[in-house]
Amino acid sequence: MIGNYLKTSSRNVMRNKLFSFINIVGLAISMSVGLLLIAFLNDIYSYDRFNGKGERVYRITNVHTKGRAQGKYPSTSVKTGRLIREEVTGVEHVSILRDDFSGDAVVGENVLPLKGFWAETSLFEMLSLEIKEGNPHTALRAPYSLVLTESAAEKLFGHQPALGKAVRFDSVDYQVTGIVEDVPFFSHIDFEALVSFSTLESRNSGDPDFESWDNMWSNYVYLRLSEDADKGAVQTQLDALAKNENLSEEDTEIRLELLPLYDIVVSEDLRRSEGLRYISPHVPPQLLWIVGSLALVVILSACFNYTNLSLARAMRRFKEVGLRKAIGAGKNQVWQQFLAEAIMVSLAALLLSFVLFLLLRPQLINMAPEMQRLVKLDLNAKLIVIFLLFSILVGVIAGFLPALFFSKVSAMDALRNVSSVKVFRHLPIRRVLVVVQYTFTLIFITATAIGYVQYKNILEFDLGFNTENILNIKMQGNDPEVFLKELREMPEVSELSRSLIVTSIGNAWGGFMRYGESTDSVLVMTNHVDENYLALHGYELIAGGNFQARPATQAAVSEVIVNEQVLKRFNIANQDPERAIGEEVTFSNVQGFGRKMTIVGVMKDFHYGKVDNLIEPTALMFWTPGSPAVVNAKIQSDNIQETMAKVEAAWKKIDPIHPLDAKFFDEDIEEAYSEFSVMIKIIGFLSLLAISIASMGLFGMVVFATETRIKEIGIRKVMGASSENLVYLLSRDFLILLSISAGLALPVTYFFFEKVVLVNFPYHEPIRLLELSAGLVVVLGIAFLMIGSQTINAARSNPAKVLKSE
């Protein structure tokens, strides 16, 4: 019986070449999206799975509230780690990690920039990292101990033994006490070197802030629960611990949460600052849901094609089904036959989809730099098995309705002409599927048009200052004065300034501000800039002036320029900018060090953060020597490539080790919104696939409808019908279905963007009729082409040839 199913199915596929082609190609295109999604999810959920006991490992998330400001951070305090180790039961291991170690490793004449962490020995046990050389229990115990990865050791020492050798960082020697295996690609943390945490402790032995409860900006605490430990009981102890420590803090509350190791990469997005680099790759779970849902819609669209065409050809299969039932076939056997046929078509499509997968894989990986650091999409035996199972599942979904329909046909009914099944209040199921398919297709393409227009508006948005032709150059620890001298000699550089960070691209730096005697404080975002910064960027001062003092240390900074939001938040001088000049505020950095500052200027509000955030209270302070620096250079050049070569040559004079890290402000902004660009590209790609699949399905339906009505067309022509009347007659039903789809898709897309998506962008442009109707115009154009090409040919056919057999 199985052999008969396969033989009948293969004959049916070969007999109906056009419909088989549409089904196989449509399924292959949609399944290639499924294969990419499966490979992507397989990589994402492979992170940290190399850890043998990872299901018991957690990282502490710090929920920090100060005044009215609240944020969730992946980092927490050193004190948190110590207290958990001493007071919390059910915890097997605790490991504290700090992420601000980096520098140039010097071995003889060999200099290599290395990045890593300050770490405790327990990290090896926590993350299942194998020490190749050295003692894992003592390698990071003594101060100035250094553990290198195998790759870093080879770069520094070649093939010579590294264990016990000295490596110099900033004129200080560190002893290599261990060589650890290279960190696996699918690890949420990556490093080339680990330095003993005791080194950091000895350096900060006189600093009371080092172990303070709210100093949570660069430390990460991991813990592994005992096998019999209850996560809920541990969380209860953490709550009690935090409650007790919060008693000694003023206007600050910290809550500790457990984040499973396996969920770190796919957890909610946690806040970061310029000084707090998010140490792990991250994929928002919402993104996975969105992309997964869109891919599912594309796959279902191809399945609808198969269902539509199978049901449309029902009359040609009725006699086959009737004969099978007449000789004893039951419902299950007929159901199995049509399901086997669908699975066979799906497996044939899998071969083509696999080729498409191999072609599309590098395009997806190279879509954005973040994607290259996130996934590999490599094939393995597990993935291939999943692909096969996925293909079978698609075949079952595509063939389920046709199989169910034909299995219920009786031998008597098989002798009648039944052209459709009535569902949904007597509407033919085929029409319903066409409407659903084109509704989703219109939503896709309209969403792409709206998203693209909004993305372009974001890139061109008026931030409140000038970004054109400004090159931002990160000094990477070098003295900016030396580099500024080199740049001043270039005729292409018209203006220069210095700043702590580059604003408006998601970086953040700030502290808490109070006004007068009030204890009410608010988080104020800051940037430290020199006296040339305002003019170079074209900030608009509405009262006061530029900085007057030139302090040599950060502690001596006493002047501040604030935006209008600061005046509104504290009601300074009744929000009168002129009267606010000379008023004093108290500013405390994130470590709590506070000082009085005088307002010397009020600037017009500008976008410190991304444009999807409301404008917040913002302040500018004076940049002082010794602080991290970004050099801002205004470029006037007709040959940017030649100018950049000069800048790079000047950089190499002051730093031959580190590559130049320079980007134009507009490039920084474009990169800051790269996730939107990637999303639009993905949705646009899926839109293209969806409309291609839907168009192929519509073409098949039109061909079938035209073939079944060819004699009717001949009779109508004999009776005097014109070609225009026949085209209208044949295309009317399809155009009505497309109109219904448009009536459903356009309002849904509009309200989805207005009520769900764009509410997160307070400064977005209104949706215009042009981008809302763009998708409809494209879909109608393709539909007219599909319908018109067939109906016109049918209308021009010779009635004598069509009716000669009657």
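The values are calculated or read from the model by the stated rules, or taken from the named source; none is laboratory data. These numbers come from a predicted model, not from an experiment. Reconstructed Cβ throughout: ideal geometry from the backbone, glycine too, with neighbour counts over all protein chains shown.
Structure summary
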{"read-out": "Some residue of the stretch 148-158 being of a type in the set (S, T, Y) and touching a Ser or Thr at 6+ places or on another chain (Cβ under 9 Å)", "value": "no"}
{"read-out": "Residue in the stretch 42-50 that is more than 27 Å from the chain's Cα centre (by Cα) and either outside the structural domain of L300 (by TED's automatic domain parsing) or at pLDDT below 90 (or both) present", "value": "no"}
{"read-out": "Any hit, the stretch 647-665, residues being touching a Ser or Thr at 6+ places or on another chain (Cβ under 9 Å), surrounded by fewer than 19 Cβ atoms within 10 Å (Cβ to Cβ) and modelled with pLDDT of 80 or more", "value": "yes"}
{"read-out": "Of all residues making up the stretch 495-543, the number that are modelled with pLDDT under 85 and among the hydroxyl-bearing types (S, T, Y)", "value": "3"}
{"read-out": "Hits in the stretch 757-786 - residues which are part of a loop (DSSP other than H, G, I, E, B) and out of contact with any Asp or Glu (no Cβ under 8 Å at 6 or more places or on another chain)", "value": "Y763, H764, E765, P766, R768"}
{"read-out": "Pairs where the first residue, in the stretch 329-350, is without any contact (Cβ under 8 Å) to a residue 60 or more places away in the chain and the second is surrounded by fewer than 20 Cβ atoms within 10 Å (Cβ to Cβ), C-beta under 7 Å, 6+ apart", "value": "I343/I392; I343/V396"}
{"read-out": "Tally of residues being in contact with a helix residue (DSSP H, G or I) (Cβ under 8 Å, 6 or more places away or on another chain) and of a type in the set (G, A, S) across the stretch 230-268", "value": "1"}
{"read-out": "Test: residue in the stretch 118-130 that is part of a strand (DSSP E or B), touching a Leu at 6+ places or on another chain (Cβ under 6 Å) and touching a residue at least 24 places away in the same chain (Cβ under 8 Å)", "value": "yes"}
{"read-out": "Filter result for R373 (among the charged types (D, E, K, R) and surrounded by 15 or more Cβ atoms within 10 Å (Cβ to Cβ))", "value": "no"}
{"read-out": "M603 being assigned by TED's automatic domain parsing to the domain that holds I505, surrounded by fewer than 21 Cβ atoms within 10 Å (Cβ to Cβ), of a type in the set (A, V, I, L, M) and within 20 Å of L500 (Cα to Cα)", "value": "no"}
{"read-out": "The stretch 431-446 residues that are over 21 Å from G684 (Cβ atoms) and in contact (Cβ under 8 Å) with a residue 24 or more places away in the chain, paired with ones that are basic (K, R) and crowded, with 24+ Cβ neighbours inside 10 Å (beta carbon under 8 Å, 6 or more apart)", "value": "none"}
{"read-out": "Positions within the stretch 17-58 being charged (D, E, K, R) and either without any contact (Cβ under 8 Å) to a residue 24 or more places away in the chain or out of contact with any Ser or Thr (no Cβ under 9 Å at 6 or more places or on another chain) (or both), in sequence order", "value": "K17, D43, R49, E55"}
{"read-out": "Unique residue being closer than 28 Å to L433 by Cβ, in a helix (DSSP H, G or I) and without any contact (Cβ under 8 Å) to a residue 60 or more places away in the chain when the list is S687, S692, S731, S739", "value": "S739"}
{"read-out": "Number of the exception - N215 against (1) farther than 30 Å from K610 by Cα; (2) in contact with an Asp or Glu (Cβ under 7 Å, 6 or more places away or on another chain)", "value": "(1)"}
{"read-out": "Enumeration of residues in the stretch 733-752 that are buried (at least 18 other Cβ atoms within 10 Å of the Cβ) and either in contact with a Ser or Thr (Cβ under 9 Å, 6 or more places away or on another chain) or among the hydroxyl-bearing types (S, T, Y) (or both)", "value": "S741, A742, A745, L746, T749"}
{"read-out": "Hey, S151 within 30 Å of H658 (Cβ to Cβ), at pLDDT 90 or above and polar (S, T, N, Q) or not", "value": "yes"}
{"read-out": "Flag for A783 being aliphatic (A, V, I, L, M) and at pLDDT below 85", "value": "yes"}
{"read-out": "Condition check for H93: surrounded by fewer than 20 Cβ atoms within 10 Å (Cβ to Cβ), outside the structural domain of V298 (by TED's automatic domain parsing) and in contact with a strand residue (DSSP E or B) (Cβ under 7 Å, 6 or more places away or on another chain)", "value": "yes"}
{"read-out": "Unique match (being touching a Gly at 6+ places or on another chain (Cβ under 7 Å) and modelled with pLDDT under 80) among D269, D251", "value": "D251"}
{"read-out": "Filter result (among the aliphatic types (A, V, I, L, M) and part of a helix (DSSP H, G or I)) within the stretch 569-590", "value": "I572, A573, A580"}
